[in-house]
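The values are calculated or read from the model by the stated rules, or taken from the named source; none is laboratory data. These numbers were taken from a predicted model, which means no experiment stands behind them. Virtual Cβ from ideal backbone geometry, glycine too; neighbours counted across all protein chains shown.
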Amino acid sequence: MTAVEVDGKAVIFDIGFEMEEVIAADEDVSDMTTNQALDTGAIPRDAQLFDNDVNVVGIVIGHGHLDHVGAIPKLAGSYSAPIVCTPYTAEVVEMQIDDDRKNVSNEIVRVSKGETFDFGQGFELEFVDVNHSIPQTVLSILDTPDGKAVYGNDMKIDRNPVEEKTTNIERLEEIGDEGVKTMIPGTTRVGEDGRTRSEQAVAVELEDVLKSCYQAGGAVFISTFSSQIARLNTILEANGGKRKVAFLGRSLKEYAHAAEQLDLIDLSQVEVASYYDECEDVMRRVDNNPEEYLVVATGHQGEPGAQLDKIASGQYPFDFEKGDHMIFSSHVIPTPPTEANRYQLDKKLKSQGVRIYEDIHTSGHARKEDHREFIKLLRPENIVPSHGGIHQLGDYVELAREEGYELNKDVFISSNMATLELD
Ligand SMILES: [Zn+2]
């Protein structure tokens with residue numbers, strides 16, 4: 001969560017979860033009061049926005065990942081400002097608010113990619129096409145009385161995407177010409193050299209793997225991030241109607257149905273199951289006819305209680321046969337609890353003779369050379385790297401220095417709760 005303020009008026013960008021704290025919390029954050037959630041560190045501490053008597057005129061949400069929308073039910077209601085986002089992000093935001101207490105009465109304004117929205121009082125917003133790993137992600141350009149602020153959390157440049165357009169490079173160059181006062185980029189993978197692989201490259205690999213699994217025979221399972229609708233479409237396309245497809249798990253159901261509402265995925269040939277009885281029924285049929293089904297299931301991080309964990313632990317009337325296949329179209333999030341969970345899941349699968357295919361995946365985050373391109377296109381006067389630990393922020397500063405910026409002169413390391421004042 002970041003606020004950009006000019007003359008006492010501010011626009012907030014994203015109101016997300018600190019995912020590690022959400023996972024580490026003893027109970028579901030949505031069941032906590034706002035104060036309890038604040039104590040865990042799972043949601044942003046926004047007290048200084050009240051202390052400083054700032055008038056928040058708008059809340060802008062760049063995309064629907066939980067680390068960008070998760071804390072909306074807890075915090076957005078205390079601002080009398082509209083929430084502005086793309087239609088798919090709005091679906092996810094509504095989903096979050098629905099899941100929690102009904103204390104968020106903010107108007108939700110749907111603005112499509114490439115369109116603008118006027119907050120009044122000299123603040124105008126433009127949504128520019130940008131690639132990430134969930135539908136309708138945007139780079140937010142906020143024109144203020146003091147110049148433009150560019151907020152890019154999260155983003156990458158994919159010259160071969162499978163669905164949406166490539167990051168709008170021409171428009172970014174124009175915005176660079178118009179002048180950018182400050183840029184606030186995410187930093188997740190800036191420490192990795194080179195460029196992030198394209199989604200098309202993953203599609204080719206996924207099709208190869210799936211084809212080989214079908215030729216070898218046996219049951220085939222696949223798991224990916226539920227909000228990565230482009231990847232789900234790639235899976236459906238790679239399957240090409242050869243097997244019946246079942247989606248198993250609550251988050252898959254929610255994100256896929258949200259996408260279906262906006263015609264972003266066709267689920268007419270997909271069986272979607274999330275309640276235990278429904279999943280049990282699907283798995284009984286898969287057990288009887290393993291080569292008739294492709295099962296897409298939640299739980300690629302080995303989360304206890306997710307569908308893959310249930311399947312691998314024998315909680316359904318299904319037994320693996322030696323030579324069945326498990327495809328992970330994902331990467332393991334490198335935190336100790338997640339790595340431990342995935343280790344346990346892999347062990348269970350391997351002990352039952354399942355063949356595992358790892359990392360058929362690409363990240364939604366820019367690497368170093370993609371970030372350099374954003375800097376060169378936008379040529380911001382100031383840069384405030386964000387959304388990363390001190391290592392990522394430091395790596396970004398190193399990149400900015402290569403591009404002629406100087407620490408504490410025009411590139412700054414900020415921190416949670418800090419205020420940075422630009423003259
Ligand atoms: Zn994201």
Test result for T187, more than 23 Å from E402 (Cα to Cα) and either assigned by TED's automatic domain parsing to the domain that holds I375 or in contact with a strand residue (DSSP E or B) (Cβ under 7 Å, 6 or more places away or on another chain) (or both): no
Search segment 60-92 for residues being more than 17 Å from G152 (Cβ to Cβ), of a type in the set (A, V, I, L, M, F, W, C) and more than 14 Å from the ligand (Cβ to nearest atom), and hand back the single one that is surrounded by the fewest Cβ atoms within 10 Å (Cβ to Cβ). A81
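Find the residue count for segment 29-54, including only residues that are assigned to a loop (DSSP other than H, G, I, E, B) and modelled with pLDDT under 90.
In the first step, residues of segment 29-54 are kept if they are assigned to a loop (DSSP other than H, G, I, E, B); the result is 32-33, 41-46, 52-54.
Applying the additional criterion that residues be modelled with pLDDT under 90 yields 52-53.
Matching residues across segment 29-54 total 2.
If the requirement is being in contact with a helix residue (DSSP H, G or I) (Cβ under 8 Å, 6 or more places away or on another chain), free of Cβ contacts under 8 Å to residues at least 60 places away in the same chain and not assigned by TED's automatic domain parsing to the domain that holds F17, which of these qualifies: L349, L420? It would help to see each step written out before you state the result.
Working: L420 fails: in contact with a helix residue (DSSP H, G or I) (Cβ under 8 Å, 6 or more places away or on another chain).
Among L349, L420, only L349 is in contact with a helix residue (DSSP H, G or I) (Cβ under 8 Å, 6 or more places away or on another chain), free of Cβ contacts under 8 Å to residues at least 60 places away in the same chain and not assigned by TED's automatic domain parsing to the domain that holds F17.
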Look at T34 and say whether it is β-branched (V, I, T), in contact with a Lys or Arg (Cβ under 8 Å, 6 or more places away or on another chain) and over 23 Å from P145 (Cβ atoms). yes
Go through segment 356-370 and report how many residues are in contact (Cβ under 8 Å) with a residue 40 or more places away in the chain and surrounded by fewer than 18 Cβ atoms within 10 Å (Cβ to Cβ). 2
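Check every one of the strands (runs of 3 or more DSSP E) wholly within segment 169-287 and list those with 2 or more residues that are closer than 21 Å to L66 by Cβ. Walk me through how you get there before you give the answer.
Numbers: elements: 182-185, 220-224, 244-248, 270-273.
Qualifying strands (runs of 3 or more DSSP E): 182-185, 220-224, 244-248.
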Residue under evaluation F127, criteria (1) part of a strand (DSSP E or B); (2) away from the ligand (no atom under 14 Å from the Cβ); (3) in contact with a helix residue (DSSP H, G or I) (Cβ under 9 Å, 6 or more places away or on another chain), criterion not met: (3)
Contact list please: Cβ distance under 7 Å, first residue in segment 199-221 and under 18 Å from K244 (Cβ atoms), second residue basic (K, R), pairs at least six apart or on different chains. Y214/K242
Does L294 meet the test of being assigned to a helix (DSSP H, G or I) and either touching a residue at least 60 places away in the same chain (Cβ under 8 Å) or hydroxyl-bearing (S, T, Y) (or both)? no
Scanning segment 347-384 for residues that are in contact with an Asp or Glu (Cβ under 6 Å, 6 or more places away or on another chain), part of a loop (DSSP other than H, G, I, E, B) and of a type in the set (K, R) gives R367
When you scan segment 313-330, do you find a residue that is farther than 30 Å from A149 by Cα, outside the structural domain of P135 (by TED's automatic domain parsing), within 16 Å of the ligand (Cβ to nearest atom) and at pLDDT 95 or above, even just one? yes
Before we move on, is G404 outside any helix (DSSP H, G or I), farther than 17 Å from D309 by Cα and modelled with pLDDT of 95 or more? yes
